[in-house]
Each structure stands twice: as C-alpha cells, then as structure tokens.
1. Residues with beta-carbon under 11 Å from that of residue 187, excluding residue 187: net charge, scoring Lys, Arg +1 and Asp, Glu -1?
2. For the chain, what does the accessible surface come to per residue with a 1.4 Å probe? Please give it in Å².
3. Measure off, as a whole percent, the carbon and sulfur share of the 1.4 Å-probe accessible area of the chain, all protein chains present.
4. With unit charges on the beta carbon (Lys/Arg positive, Asp/Glu negative), name the residue among 271, 347, 359 whose Cα is farthest towards the positive pole of the charge dipole of the chain.
5. What are the ³J(HN,Hα) couplings of segment 351-361, residue after residue, when phi is run through the Karplus curve with 6.51, -1.76, 1.60 and θ = phi - 60°? Round to Hz, x for glycine and proline.
6. Using θ = phi - 60° and the Karplus curve 6.51 cos²θ - 1.76 cosθ + 1.60, what whole-Hz ³J(HN,Hα) does each residue of segment 44-59 get, with Gly and Pro shown as x?
7. Along the three principal axes, how long is the chain when you take its alpha carbons, biggest first, rounded to the nearest angstrom?
8. Quick one: net charge of residue 351's neighbours, Cβ under 14 Å, K/R +1, D/E -1?
Amino acid sequence: MTDKSKTESTKTPGMAADVSAMVKSGIELILEQQDPGGAYPASPSFSAYAGYCWFRDGSFIADAMSAAGQIESAERFFDWCSNVLTSRAARIQHIVSESLAGRPPADENMLPTRFTIDGAEGNDEWWDFQLDGYGTWLWALAEHSARHGRPLERWSNSITLTIDYLSASWQRPCYDWWEESAQHVHVSTLGCLAAGLEKISHTGWIEQPSADLAGSTAEQIRRLVQQDGARENHLTKWLGTTAVDASLLALIAPMNFLALHTPLANGTIAAIEEQLTVGNGVHRYLADTYYGGGQWPLLSCFLGLAHTAAGNQGRAHELLNWAASAARENEELPEQVQAHLLAPDHLQPWIERWGPSASPLLWSHAMFVRLAIALDMPHVTPDPSPVPAAKENAQ
Ligand code: BGC
C-alpha cells in the first residue's frame, strides 16, 4: 500500500520476554475458556460471538494447542466437532444423497459455520453457509495425529461424514472466511478443503474408499485452483478476480496447500505484503469495512508463518512483535486494531450495533502461539492435562 513503511517495526529490546509471557497467558486463556465439552468460544466477552464456537476458529486454536503440547485440549475440541457431526449424521447423509442426485439443498439447509457451546444451532441470524471450517478440522486432525502419533479411530465416523459432505458440496459458492460474498467460490475456502482432504487421506486411519474419495476430491479442487484461482503470479480472493485476500496466507502455512518456494507461493506473499500490509499490520482485503477495516493481529501471525516457511525469519519476528504490541491490558489480543482504517466511516455504526470490536479473541491468541512456536521462541507452556493412552482411544 502507498504509505507502507517497514520502519514501523515495533521490535524492541526485551520483546522476547513479552512474547514468552504472552504464549503462556494465551494458552492459559484458551484452557480457561474451553468448555468441558471441548468447544472453544470465539470471544468470551463480545456479544455477537460469545456462546458460539466456530469450526474455523476452533480448528486453528486446536492446532496451536496441539503444537504447544496441549493434547488433551485439542482432542476435547475434536470430540466436540465429532459430536456435532455424528448427531447430524442423517441430515448430512440426506444433503449428500440429494447433492449427488443433482438436487443440492438450499444454502440454509447446509451445515452452519458455528454452533452453540453445547453443539446446538443458535437462534441468531448468521451468515451461516461456509465450507472452509470443515476442511480445516480434517487438516487439524491429520496434523495432530502426525505430530503426536495419535490414533484417529475415535473420530472415524465423523471424518467419513465430513469427507462425504465436502466431496458432494465443494463446488458450491458459499460465504468466505469473513462470512461475506456468498455468491463467489473463494480460493482460500477451496484450499482449506483440499488441504484437509489431502492430509486426512494419507493418515492411514480411515477406510480405503473414504481415503480414495478424499484424495480424488482434493485433486479436482487443486486443478480448479490452478486453472482459475491464480492470476498475476498469486492466488486470488475468489475465482475470476485479480484481488487478493489475507486468508490465502493460511494455504502457504500452516496448511501447506501451496508448495513452498514456488513462484505462486512467493507471489502470494508479495501481493499481500504489497496490497494489504501497512507496516506490520495486515488487513483482511482492500474493500473491508467491518469495524472500519482495521488490522488483524492473527493475520500478521499468518503472514509471519508464511514468511517462516519461506525462510524469512527476520520478517516473521517483526510481525510477531507487532502482534505482541497489539495486546491490551492483561495481555489480551483483540480481533482487530483500529489503526490505518480502510473505511473509517464504518467504525461507529458497528460500535453502535455490537459494541467495541471483539477482545480477547481466542483465535488471535492461538495464531500468536502458533507463530512463536514456529519461530522456536523460548517459551513456557502451562502443564498439559494428562491424555489417555493411545490404545484407550480406539472405539
Ligand atoms: C470473522 C470470522 C470469525 C468470526 C469469529 C468474524 O468476524 O470474520 O472469520 O470466524 O468472527 O471469530
């Protein structure tokens, strides 16, 4: 962007200590807020989010907890997802058979993006039909299993349901990561589905027909992204545009959908640095108006993860330190920082509608933890809860 200035780096001596303290307090906050049934509330104090758990936020939070050695917490979240899915098995099978018969159900009959803490569907109106979170949960499961050698049998029914659901529905337009633009097919959504389906197909924990279906669907998605989801050397926000969106960073890291060091991966990082980053703060996309369109600490962390994977640790440290500097009292990380607003006139109407923007946001803390760990920052994590021995997990 025109007023971009890398000299805004907030890297200061002694910052490493802050990072380490924030990793610990972030994990503690997530543990404290996690429901005994496994749900991670998106933000405990923000009226529009409190009481709900998203598959998208939750899967990235579980991945960060898994990376931090908090196996029990991550697996409790997977249990919650699994209960949400298996308790809707008949509905999912109906969606799948109708879709395969050429009668895809209306958007409002598809699975929602978020559920109440006890796994019910809320009564509040929401922009609900979003597919990405279901791919992200498959990806987080597969990562967790590979990282800790954990079995996946206990979730096998829900994994199969998810593979069937996504394989029958992946081509549909739906709301994106930001719960907007439902008329488009979003490239980051496609990437989350392909990454999840591909990874889960190779775990060895699912039946061959399901693994085959997951693998072949992932291949089709990959082909579509290659043909229509990349322009000017970078991935695009949706099929048929040249715009970018910061959610695309996740496809480089941590999801590894894009091969590293390729012109497309490097070009995507460069386009997001150029178009969406001011200093070290990252915007969601150029036309963003939500709470005035501020900068999102969790996106600086995704950019940092992409840079780390690309071998640019120095840049990743700047981004992590900026995210640390966005913390409020009690080391709380907000959803967004109202700096360099893209649409300042839109800030007040959102405050009037829902109050000040979300803080703390558990997903922001999770991405901070995930980046600090990727950068091998010295940190202490709270003692993990005991986990059941692997063999007790089997059904
Ligand atoms: C964001 C979503 C997120 C939700 C809960 C929304 O404002 O656009 O990406 O899942 O908040 O954190």
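1. Details: positive: 231, 237; negative: 132, 176, 228, 245.
Within the 11 Å Cβ shell, the charges total -2.
2. Details: 14770 Å² over 395 residues.
On a per-residue basis, the chain sits at 37 Å².
3. 50
4. 271
5. Once rounded to whole Hz, the list reads 4, 5, 6, 10, x, x, 5, 4, 6, x, 10.
6. Calculated HN-Hα couplings, in order: x, 10, 9, 3, 6, 10, 4, x, 10, 10, 9, 4, 5, 4, x, 5 Hz.
7. Largest first, the chain extends 55, 48, 44 Å along its Cα principal axes.
8. That works out to -2.
The values are calculated or read from the model by the stated rules, or taken from the named source; none is laboratory data. Just so it is clear, the structure is predicted and the values come from calculations on it, not from any experiment. Here Cβ is always computed from backbone atoms with ideal geometry, including for glycine, and neighbour counts include all displayed protein chains. With ligands, DNA and RNA removed, areas are computed over all heavy atoms of the protein, side chains included. Shrake-Rupley method; radii C 1.70, N 1.55, O 1.52, S 1.80 Å.
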